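Notes to accompany the following structure.
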Amino acid sequence: MRILVTGGAGFVGSHLVDRLMNQGHEVLCLDNFYTGNKTNIEQWFNNPHFELIRHDITEPIRLEVDQIYHLACPASPIHYQFNPVKTTKVNVMGTLNMLGLAKRVKARFLLASTSEVYGDPDVHPQPEEYRGNVNCIGIRSCYDEGKRVAETLAFDYYREHKVEIRVARIFNTYGARMLENDGRVVSNFVAQALRGIPLTIYGDGSQTRSFCYVSDLVEGLMRLMNNDYVGPVNLGNPGEYTILQLAQTIQEMVNPDAELIYKPLPEDDPRQRQPDITKAKHYLDWQPTIPLVEGLKLTIDDFRQKIQG
Ligand SMILES: NC(=O)c1ccc[n+]([C@@H]2O[C@H](COP(=O)([O-])OP(=O)(O)OC[C@H]3O[C@@H](n4cnc5c(N)ncnc54)[C@H](O)[C@@H]3O)[C@@H](O)[C@H]2O)c1
């Protein structure tokens, strides 16, 4: 098949490109390199089945493809808050452009949505039916509300134009090729521990998160794309850890002497987030397989190479 991956030079996108290339597909990787990096995909540059397109998805593009994995969008608060209007544009105009393309060439379209559509949830864990508790005027809104509109657009193209859509709601994912300066908790802790500087905990560390290793997520995305179930479907690891537990685990694995320091919680930071993956198990026969310590080891090895050479 000929498959387009928008955001294919990014963290999740590049792992997806690897899997699709290894399966023998023709892969078009589209990216504007805002947070993505050519080094993530350079292993494919000389492969005739691989094509790299530098393009910003807020502008339309014409391509012939069978499937579209739509991942292009900055994913960490530091990057999506840098230019919040642009983030909304990417989610609204970018998703419109990609859905228009899917409609024109009759391609199947998978949207990489997010657990952020649940906002600061008052239901725990979150099933797909939960409609969320989102602040529409906060500093995270460009991303949360942007993704909610992207889902709306996908479902309207499905109902109105019969585009074959799939919607994945992705929960915290981590792994090799994350940007070390993306401000996300795993990359922060790992980079700090490797540099021998204190690990920064925001708040008292009792807030919880669930962490899915990237290869598990990519498997879930591919199963959803090639399944009849439209979604939305949660993809994440239900194992729940406090931020303090995560810090202590990384401290033990990298640098037992590293200090932990505490800073105030940022605005709109959710207290808890944990996926209910009943639907993913039922419809996709999917669940995460990589335990946290194993995934952290792979991440630490990757960061060690980047930081310590
Ligand atoms: N990593 C996570 O924990 C997580 C959680 C929930 C949802 N997601 C979603 O998964 C997708 C991928 O996330 P990621 O973690 O790999 O982030 P990432 O920032 O590494 O990847 C996003 C990619 O999109 C590209 N991009 C951004 N704006 C673009 C534009 N206007 N035109 C073309 N390309 C553009 C970036 O350069 C980058 O390569 C995103 O849509 C994100 O919202 C990720």
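The values are calculated or read from the model by the stated rules, or taken from the named source; none is laboratory data. This one's a predicted model, so the numbers in the text were calculated from it and none came from an experiment. Cβ: placed from backbone, ideal geometry, glycine included. Neighbour counts: every protein chain shown.
Of all residues in segment 266-289, those satisfying the criterion of being exposed (fewer than 15 other Cβ atoms within 10 Å of the Cβ) and more than 15 Å from N234 (Cα to Cα) are P266, E267, D269, R271, T289.
Can you name the residue in segment 21-77 that is more than 9 Å from the ligand (Cβ to nearest atom) and basic (K, R) and is also surrounded by the most Cβ atoms within 10 Å (Cβ to Cβ) among such residues? Within segment 21-77, the match that is surrounded by the most Cβ atoms within 10 Å (Cβ to Cβ) is K38.
Do we find that A176 is closer than 28 Å to T39 by Cβ, of a type in the set (A, V, I, L, M) and in contact (Cβ under 8 Å) with a residue 24 or more places away in the chain in this structure? Taking the combined requirement at face value, the residue satisfies it. Evaluated against (1) on the phi > 0 side of the Ramachandran plot; (2) without any contact (Cβ under 8 Å) to a residue 40 or more places away in the chain, G205 falls short on exactly one condition, (2).
Can you tell me which residue is farthest from R140 (Cα to Cα) among those in segment 81-109 that are in contact with a strand residue (DSSP E or B) (Cβ under 9 Å, 6 or more places away or on another chain) and within 11 Å of the ligand (Cβ to nearest atom)? Per the criteria, the residue is M98.
G10 - would you say it is under 14 Å from L221 (Cβ atoms), surrounded by 16 or more Cβ atoms within 10 Å (Cβ to Cβ) and within 13 Å of the ligand (Cβ to nearest atom)? Yes, satisfied. Each residue in segment 116-125 was checked for being within 10 Å of the ligand (Cβ to nearest atom) and either at pLDDT 95 or above or over 16 Å from the mean Cα position of the chain (by Cα) (or both), and 1 pass.
Here E164 clears all of (1) under 18 Å from the mean Cα position of the chain (by Cα); (2) more than 23 Å from P74 (Cα to Cα) except the condition numbered (1).
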